[in-house]
Amino acid sequence: MKFEGNNTRKLTGQKQISFLLNNAGVSNLTGDVSIGFSGEGKSMQFTFNKGRIYDTNGYYVHSYDPSSKFSISGDISENYYDYYIDNIIIGRGKTKEDFKIEDFFINTNNCYLDANLKIFSDGVPYVFTAPSSVTLGTTVTAQMKNLSTDGTIHIFNVTLKGKTNTNYTLQSYPSVIAPQETKDFVLNNTAGIQGNHAFNLDLDTSIGKISIEDRTDAREADLVTVWNELREFEVGASQAFDFSAINSEEIGTFIYETTIVGGTDYQKVLPTLEYVEGNIGKYYRITEVQIIDAGEGYTGNASVVFSNVQGNDIQAEGVVEMNAGTVSSVSVTNSGIYFDVPPTVYFTGALDSNNSSAHQAQATMTVEEYNKTFTETWDMYVGVGISGGVISYKDSNHTGDQGENAYPYNAYGPGIYEDATKYTLSDNQALYIKIKGKSFYDYDQMKVKLKVTGDMADTRTNEFVEEIEITGGNTT
């Protein structure tokens with residue numbers, strides 16, 4: 001075999017190994033060759049240079065020319081090695097650094113090396129397990145376990161042989177299997193016919209060629225029909241959150257049911273409640289007005305005016321008490337409700353034009369505020385029993401950033417209730433979902449979406465997701 005340039009072969013990483021470079025010849029005396037072993041950042045090598053062979057310590061030990069052939073062999077252990085040239089012992093019990101032998105290399109410069117190379121180790125035991133049965137048209141996983149305590153298996157290539165190449169395609173295989181490690185070989189079954197399939201593979205590895213000769217039973221997939229339904233458990237559950245009184249709470253109950261006909265599969269579902277739209281942020285109400293300047297020169301009653309409203313805001317109102325042409329107090333008769341920006345207050349009223357000191361009164365306000373966010377407004381309780389066993393997603397911190405719709409997470413916290421753990425439902429088993437909604441003082445309604453996502457799509461619609469939109473907030 002001709003070696004030219006830089007050549008590396010992955011080995012098992014064991015510390016004991018034997019090698020034989022037989023019938024070797026270097027093409028000329030002007031180039032140079034290095035052969036050796038490396039691993040864990042350390043190495044040992046023999047060098048052929050201008051007709052001379054140097055051992056791993058750099059000692060000149062033999063000569064060659066392009067017309068001659070020679071052999072080098074050796075036995076390497078953790079801390080020592082012996083080596084031979086043309087079957088004559090040259091070095092015995094030579095010391096070496098302790099390292100795992102991970103690579104063998106032959107590097108040539110301005111020449112080539114023609115030689116037969118053999119490398120021997122204690123071997124790396126393994127077990128390859130093919131699936132006993134497969135379903136036509138599905139993904140198939142086989143496994144290989146490295147039984148060694150010190151040897152690593154490197155896999156360079158996998159070839160599907162014969163009918164296996166007809167019935168399967170190779171999706172992935174491991175490049176490295178460490179000692180005591182098990183790795184997957186993933187194949188796709190390309191349908192075909194039912195029966196006993198050959199499962200034959202050739203693995204090109206660091207421990208040589210491994211041929212897998214096995215068989216597996218292939219069969220048609222079971223016909224499975226799935227019906228999924230998310231609906232109100234209580235009539236009017238979706239409308240329960242149209243509040244007719246401010247600062248109210250309501251709970252509506254929903255049910256998700258799955259029916260599975262054929263097969264033994266279970267439906268695994270992930271329930272979520274997520275924000276869709278609606279004002280998120282601070283709201284302000286006026287609870288008190290403090291006079292800081294009573295004004296002067298009013299010819300009649302003054303009026304208190306609060307700033308204009310926007311959207312569904314309600315303008316605050318108040319009644320002014322007068323005293324000898326001045327404002328003595330203001331009684332707040334309607335606290336109003338303002339989103340995002342607190343109101344301002346000022347006074348109007350006719351002033352005596354003959355009084356040079358006449359002027360409008362001034363005041364400040366005490367403002368009550370609250371935060372309206374997704375988690376302050378909604379909670380979700382989920383369980384497989386209608387009473388007991390349901391958990392609060394808010395109390396359990398089952399929250400996330402946002403769902404399908406943008407949500408100002410950085411400013412106002414989570415915008416979705418979700419939990420990575422899926423509920424496993426058997427045929428005709430129900431999942432109960434209670435939604436709790438809360439209203440405040442405002443009239444800005446918030447829309448949310450209750451979703452249940454299953455692993456198996458509904459056969460009628462081919463949809464994995466069942467959903468209901470819910471709108472909540474004060475209406476009157």
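Read-outs: derived from the displayed coordinates by stated rules, not from any lab. Since we're looking at a predicted model, the values are computed, not measured. Note that we place each Cβ from the backbone using ideal geometry, even for glycine, and neighbour counts take in every protein chain shown.
Quick notes on this structure:
- Total formal charge among the other residues, if their Cβ is under 13 angstrom from that of ASP442, Lys/Arg +1 and Asp/Glu -1: -2
- Rounded FRET efficiency, nearest 0.05, which uses the C-beta distance separating ASN87 from THR190 and R0 of 51 Å: 0.45
- Mean projected area (nm²) of the alpha-carbon convex hull when segment 126-219 is viewed from all directions: 5.1
- For the pair GLU229 and GLU250 in one chain, pulling the backbone fully straight at 0.36 nm per residue adds 5.2 nm over the alpha carbon distance.
- Extending 7 Å from the Cα toward the beta-carbon at both SER172 and SER133 defines two label points whose distance is 2.7 nm.
- Simple label model, 7 Å out from Cα along Cβ direction - SER357 to ASP427, nm: 9.4
- Gap separating the Cα centres of segment 114-150 and segment 1-57, nearest whole Å: 28
- Two-decimal Rg to Rh for segment 390-476 - Kirkwood Rh, Cα set: 1.00
- For TYR423, TYR266, order by how many other beta-carbon atoms lie within 10 Å, fewest first: TYR266, TYR423
- Relative packing of 48-61, 366-379, which averages over residues the other C-beta atoms within 10 Å, highest first: 366-379, 48-61
- Segment 1-76, Cα convex hull volume normalised per residue, Å³: 106
- Links that overshoot a 27 Å alpha carbon limit, given the list LYS15/LYS69; LYS15/LYS209; LYS2/LYS96; LYS42/LYS69; LYS282/LYS422; LYS2/LYS161: LYS15/LYS69; LYS2/LYS96; LYS42/LYS69; LYS282/LYS422; LYS2/LYS161
- Annotation: extensible slack from ASN109 through THR333 equals 70.9 nm (criterion: 0.36 nm per residue apart, minus Cα-Cα distance).
- Note on ALA420 and ASN279: the model spin-label points, each 7 Å out from Cα along the C-beta direction, lie 3.8 nm apart.
- The Cβ shell under 10 Å around GLY415 holds other residues with a net charge of -2, Lys and Arg each +1, Asp and Glu each -1.
- Alpha carbon convex hull of the chain, projected area averaged over orientations, nm²: 41.7
- Neighbour counts of other Cβ atoms within 10 Å put ASP202, ASP32 in the fewest-to-most order ASP202, ASP32.
- Relative to the globular-protein estimate of 2.2 N^0.38 Å, the Cα radius of gyration of segment 33-155 stands at 1.46.
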